[in-house]
Amino acid sequence: MASVPATQSAAECPVCGGTGWKRVELPGKASRVSRCDCRVDARAERLLKSARIPARYEHCTLADFDTEFPGAHRSLAAARLAAGRFVEEYPIQKSGLLFIGPIGTGKTHLAVGIIHELIRTKGIPCLFADYRELLKQIIDSYNPSVQATELEILRPVVETEVLVLDELGSVKSTQWVWDTVSYVLNCRYNENRTTIITTNFLNLEPGALQGPQKNFSQAELARAAARDETLGDRITERMRSRLHEMCRIIELNGIDFRTTFKRQHS
């Protein structure tokens, strides 16, 4: 079936009659025109498609981020509030966010929820990039049979106005991984572009889990027991320091919601 031209669907709009503009009457003043909702909605849908949000997260919005389920940690409500404030203040405040916390606490949900809000309320171009998948795509580009080049893969990641980089550090460190992370983060930092990052690793310097852990919180001790590396170990201390310049740190704690939900409904 042939696709319907955008102009034809716009012509069906009873408000603008296909012009894309609507007249707004201002009491006591001359009327003005503004973009019709049909064009705003169409642009939002295009931006959402180009944002590359994985199917399993397409439904995630800030409005449906649950902070009141049984056993919910109070940090979840604070993180939800910070995400909402970020959307309200953007682009006046362009510093990114670094969501840190255990698996299943909702970091990716909040990050995708921010994408939805920025696109639908402000028309901001955004892109979702899974850290592991991004590195895999770059490695695949070295295969002569693959048409995409490394530069072509990295260009949208570097140039998009707002980037969500999900699960930073989830790939074992090598010099090549460090160089790739450094390139992406430094390019975005130098161009003052906003980056929202999620990670499961503790926000500590390299080697911090190898020495005394007397000053760790109970939550940090529990997570340290499950891992032997920190965010600094995974991306180097230099890049961890750069993240602190680029992003505000938002920590989430609590139970793995996905596992708990499955157990309650099994």
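Quick check on packing: order 85-93, 105-113 by the mean number of other C-beta atoms within 10 Å, highest mean leading. Spell out each step's value before the answer.
Details: 85-93: 13.9, 105-113: 24.4.
Highest to lowest by the protection proxy: 105-113, 85-93.
Full extension of the segment from Lys122 to Ile92, taken as 0.36 nm per residue of separation minus the current Cα-Cα distance, would add 9.6 nm.
Measuring between alpha carbons in the structure, the pairs from Lys49/Lys122; Lys136/Lys172; Lys49/Lys107 lying more than 19 angstrom apart are Lys49/Lys107.
FYI, it's all coordinate maths here, none of it is from the lab. Here the structure is a predicted model, which means the values were calculated and not measured. With ideal geometry, Cβ positions are generated from the backbone for all residues, glycine too; neighbour counts draw on all protein chains shown.
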